[in-house]
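Step one of this worksheet: look at the structure below.
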């Protein structure tokens, strides 16, 4: 139930990821989509022209993408409202 970046290809795995006959130069890492901060949290998804789109960023995402695959960028002005520790 996660997206993985396997040698540059985004792959969905329902459970543990297994790669048959892995090449010697195989690299794998968890794939997430980083979206800008908005007041709607992680947003939602729509389907347009057969493609899954994240809203409100309107980024095309993998068809199996869930909210667990979305990472919201930090609010750029957040640090302005933090009091300095003394």
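Annotations
- For the range 14-45, a residue qualifies if it is over 13 Å from the mean Cα position of the chain (by Cα), under 16 Å from residue 69 (Cβ atoms) and modelled with pLDDT of 90 or more, and exactly one does: 28.
- Some residue of the range 29-43 being over 22 Å from residue 74 (Cβ atoms) and assigned to a strand (DSSP E or B): no
- Residue count for the range 57-73, restricted to those that are in contact with a strand residue (DSSP E or B) (Cβ under 8 Å, 6 or more places away or on another chain) and assigned to a loop (DSSP other than H, G, I, E, B): 6
- Some residue of the range 10-32 being surrounded by 12 or more Cβ atoms within 10 Å (Cβ to Cβ) and in contact with a helix residue (DSSP H, G or I) (Cβ under 6 Å, 6 or more places away or on another chain): yes
The values are calculated or read from the model by the stated rules, or taken from the named source; none is laboratory data. Fair warning: this is a prediction, and the values are worked out from it, not measured in the lab. All Cβ positions, glycine included, derive from the backbone under ideal geometry; neighbour counts span all protein chains shown.
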